Amino acid sequence: MTSPSSTPAIVLRDVHVSLGRGPARVHILRGLDLNVARGDAVGITGHSGSGKSTLLMVLAGLERPQSGAIEIEGKSLGGLSEDALARFRGQRIGIVFQSFHLIPTMTALENVAVPLELAGRRDALAMARRELAAVGLEQRLGHYPAQLSGGEQQRVALARALAPNPAILVADEPTGNLDDTTGQTIVDLIFATRAERGATLVLVTHDADLAARCDRTIRLRSGLIEADLRNPRQAIVAAQ
């Protein structure tokens, strides 16, 4: 019997995603296969239109493929209803987007507490306070998104993603709307919190240097994996 610890965090088998019909049909993922071990950090790279963001949406349960199988933490997503999928995603998958996706009429504290309240946590506000403190925003709890800088908004988004203590953390160009210095701070925070919690990280990026900070880099081309490499820097660290 396979032990839970040896079960891959992510398994995709022959996943197809397309848009449109007939002559206008566009194939985005073309029978893609992927295994990600628990605790790995994986950078997903490739040119615009290669399928990076779609791959992230599929493995996060935000988009269903036309065909193929997806397993997250040993759980098949294919047979889940929309409600069951939303519950599973809320418990097991944290998502950080490029555009923050904060609710503008809610404070930082309320934005982080929302997924916890939806999950039925009675201590949602206390947990949200701890997560915001962990990303250095303990003095900004009552501020609305418009009152926060871009870097602060992304910290709120990261705190919200981490609040349920997910097994999987996915990030889609998390520094895309930030200047270089602020972006570097956010990246350092993502990698530090991911290492501290032992979460599996899947990171979509155009930045080769950022991808190289991961254990593994996967390069997509036309909806398929063109290259799948263990990063030398990480291999050296692991061997020490």
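The values are calculated or read from the model by the stated rules, or taken from the named source; none is laboratory data. Only a predicted model underlies this, so the values are computations on that prediction, with no experimental measurement involved. Don't worry about glycine lacking a Cβ; one is built from the backbone with ideal geometry, like all the others, and counts go over all protein chains shown. Side chains included, ligands, DNA and RNA excluded: accessible areas come from the protein's heavy atoms. Shrake-Rupley method; radii C 1.70, N 1.55, O 1.52, S 1.80 Å.
Table for the structure above
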| quantity | calculated |
| --- | --- |
| Complete set of residues in segment 47-88 that are open to solvent by 50 Å² or more (accessible area, probe 1.4 Å), of a type in the set (D, E, K, R) and in contact with a strand residue (DSSP E or B) (Cβ under 9 Å, 6 or more places away or on another chain) | Glu63, Arg64, Glu71 |
| Filtered residue count, segment 178-214, keeping only those that are small (Gly, Ala, Ser), part of a loop (DSSP other than H, G, I, E, B) and surrounded by 19 or more Cβ atoms within 10 Å (Cβ to Cβ) | 1 |
| Flag for Gly90 being in contact (Cβ under 8 Å) with a residue 40 or more places away in the chain, of a type outside the set (Val, Ile, Thr) and within 23 Å of Ala163 (Cα to Cα) | yes |
| Cβ-Cβ under 6 Å pairs, at least 6 apart or on other chains, segment 56-68 side closer than 19 Å to Ile218 by Cα, far side open to solvent by 40 Å² or more (accessible area, probe 1.4 Å) | Met57/Glu63 |
| Residue in segment 220-228 that is assigned to a helix (DSSP H, G or I), over 21 Å from Glu110 (Cα atoms) and open to solvent by 70 Å² or more (accessible area, probe 1.4 Å) present | no |
| Residue under evaluation Met57, criteria (1) in contact with a Lys or Arg (Cβ under 9 Å, 6 or more places away or on another chain); (2) closer than 16 Å to Leu201 by Cα, criterion not met | (1) |
| Qualifying position, being modelled with pLDDT of 95 or more, closer than 30 Å to Gly31 by Cα and open to solvent by 20 Å² or more (accessible area, probe 1.4 Å), among Thr175, Thr217 | Thr217 |
| Residue among Leu132, Leu141 that alone is open to solvent by less than 50 Å² (accessible area, probe 1.4 Å), more than 27 Å from Asp207 (Cβ to Cβ) and free of Cβ contacts under 8 Å to residues at least 60 places away in the same chain | Leu141 |
| Test: residue in segment 114-122 that is acidic (Asp, Glu), within 23 Å of Ala208 (Cα to Cα) and open to solvent by 60 Å² or more (accessible area, probe 1.4 Å) | no |
| Of all residues making up segment 15-27, the number that are β-branched (Val, Ile, Thr) and open to solvent by 30 Å² or more (accessible area, probe 1.4 Å) | 1 |
| Residue satisfying all of: in segment 1-54; part of a helix (DSSP H, G or I) and not small (Gly, Ala, Ser); farthest from Ile93 (Cα to Cα) among these | Pro23 |
